[in-house]
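Here the structure comes first, spelled out in structure tokens, and everything after it is commentary.
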Amino acid sequence: MNLVPEVVALVPEMRSWRHHLHAHPETAFEEVATGAFVAERLRAMGLEVHTGLAGTGVVGVLAGQGQGAGIGLRADLDALHIREATGVAHASRHDGRMHACGHDGHTAMLLGAAAALARRRRVAGRVHFIFQPAEENEGGGRVMVEEGLFDRFPMRAVYGMHNWPRLPVGRIATRTGPLMGAFDIFEIVATGKGAHAAMAYQGRDPMLFAAHAIQALQTIVSRNLHPLAAGVVSVTQVHGGDTWNVIPEEVVLRGTVRTFDPEVQTLIESRMRTLVEGIAAMFEMRATLRYERRYPATVNSAAETAHALAAAAAVVGADGVDADPTPEMGSEDFAYMLQAKPGCYVWLGAGQGPESPGLHSPRYDFNDDVLAIGASYWVTLAEQQQSA
Ligand SMILES: [Zn+2]
Ligand SMILES: [Zn+2]
């Protein structure tokens, strides 16, 4: 392990920032105190600070020695609507809200990296420290891009990081191409004709539609996709009916689709439409499909991934780097930044053993052992990039 000495000296401070943020979680676009906390610390480090991006977002700028377009390093500020069950001393003081995805740790590591880089004064071009709101569900990253993040702060590449409890501490993994999936949602409303359940022949039963549709939707991945293409179709909600002896008028199905490739995404959506219409016709009722594309896939560019892997190897050693991990179908709104700029998103190993709770668990707590590793990666990446 090759930790940056200035980062190691900052570990107690990073830990106390992290615990403060953990105790005071704020959810999507409401990260007012969190954004103010970040801005105050960046100012104290002597950085130029811009607030109010996408509402609560903050950008700190460290001027380098040269004139290069510079790079962006990004962390996320938001917590989740989860009631914490960790029992730790720094547990959430905000009932029903919790940092269960480690964004408290991401913010603390990027602050630590900013402090260390400001002290070391070794970067050639500008470094932008991007603290974005609303990573979970609400697409704060997209809003920042739409509000002109990259016009206001020109940069040639942007980098992201997420702690990864399924990867052991001391490892960093990423790959060129897709690392995380695109995330879509769908809602199917089948409208039949209600009836007394004993006189079913008088109605058009939307329950039948639901039963057939759930089965048929599972044939898209197995029968329509190339065997080496990747896709997930999950029906996660079925709503319909109130009692034993009434056939309801309507049944609602909801769920999510995950893909890496936009062509596969289009194929799945189009097959869903055909199946929904066909099954509705079969049972002589109406059905509508609302299909919404949310986050795109997180796709790393080749040159920036090579930079990220080099920085990772410099910190955790070549043995600690996995340059070809199996991608996951979870998604990330950093994808919007990667659509606008070349860049790379990495998984930072943060596992605390096989029994340790995963992301979004009410028992999850960010692993403080990786604060120095993550912040050292940021510092090394910024300094290697700038001298390149
Ligand atoms: Zn999350
Ligand atoms: Zn997260």
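The values are calculated or read from the model by the stated rules, or taken from the named source; none is laboratory data. Remember, it's a predicted structure, so these values are computed and weren't measured experimentally. FYI the Cβ positions are ideal-geometry reconstructions off the backbone, even for glycines, and counts take in every protein chain you see. For the accessible areas, the whole protein counts, side chains as well, though only heavy atoms, and no ligand, DNA or RNA atoms are used. Shrake-Rupley method; radii C 1.70, N 1.55, O 1.52, S 1.80 Å.
For L371, indicate whether it is open to solvent by less than 40 Å² (accessible area, probe 1.4 Å) and more than 16 Å from ligand 1 (Cβ to nearest atom).
Values: open to solvent by less than 40 Å² (accessible area, probe 1.4 Å): yes; more than 16 Å from ligand 1 (Cβ to nearest atom): yes.
Yes; evaluated as a whole, the condition is true for this residue.
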Open item on the list: So for segment 297-318 (the condition being more than 23 Å from Y336 (Cα to Cα) and either modelled with pLDDT under 95 or not in a helix (DSSP H, G or I) (or both)), does at least one residue qualify?
Closed with: yes
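Being at pLDDT below 95, open to solvent by 10 Å² or more (accessible area, probe 1.4 Å), away from ligand 1 (no atom under 16 Å from the Cβ) and touching a helix residue (DSSP H, G or I) at 6+ places or on another chain (Cβ under 8 Å): is that true of R126 here?
Details: at pLDDT below 95: yes; open to solvent by 10 Å² or more (accessible area, probe 1.4 Å): yes; away from ligand 1 (no atom under 16 Å from the Cβ): yes; touching a helix residue (DSSP H, G or I) at 6+ places or on another chain (Cβ under 8 Å): no.
Spelling it out, it is not the case that R126 is at pLDDT below 95, open to solvent by 10 Å² or more (accessible area, probe 1.4 Å), away from ligand 1 (no atom under 16 Å from the Cβ) and touching a helix residue (DSSP H, G or I) at 6+ places or on another chain (Cβ under 8 Å).
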Open item on the list: Being within 16 Å of ligand 2 (Cβ to nearest atom) and assigned to a strand (DSSP E or B) is the filter here; which residues of segment 319-336 pass it?
Closed with: E328
Task: Selected residue (criterion: farthest from A28 (Cα to Cα)) from residues of segment 45-81 that are under 16 Å from the mean Cα position of the chain (by Cα) and open to solvent by 10 Å² or more (accessible area, probe 1.4 Å) - done: H81
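Inspect all residues belonging to segment 98-110 and state whether any of them is touching a Gly at 6+ places or on another chain (Cβ under 7 Å), part of a helix (DSSP H, G or I), at pLDDT 95 or above and crowded, with 18+ Cβ neighbours inside 10 Å. Reasoning before the result, please.
Let us first name the residues in segment 98-110 that are touching a Gly at 6+ places or on another chain (Cβ under 7 Å), namely 109.
Pick out the ones that are also part of a helix (DSSP H, G or I) and you get 109.
In the following step, the residues that additionally are at pLDDT 95 or above were identified as 109.
Retained after the next criterion (residues that are crowded, with 18+ Cβ neighbours inside 10 Å): 109.
Yes, segment 98-110 contains a residue that is touching a Gly at 6+ places or on another chain (Cβ under 7 Å), part of a helix (DSSP H, G or I), at pLDDT 95 or above and crowded, with 18+ Cβ neighbours inside 10 Å.
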Open item on the list: On the basis of being assigned to a helix (DSSP H, G or I), in contact with a strand residue (DSSP E or B) (Cβ under 9 Å, 6 or more places away or on another chain), aliphatic (A, V, I, L, M) and surrounded by fewer than 21 Cβ atoms within 10 Å (Cβ to Cβ), does L267 make the cut?
Closed with: yes
Task: Which numbered condition F186 fails, given (1) more than 22 Å from A280 (Cβ to Cβ); (2) buried (at least 17 other Cβ atoms within 10 Å of the Cβ) - done: (1)
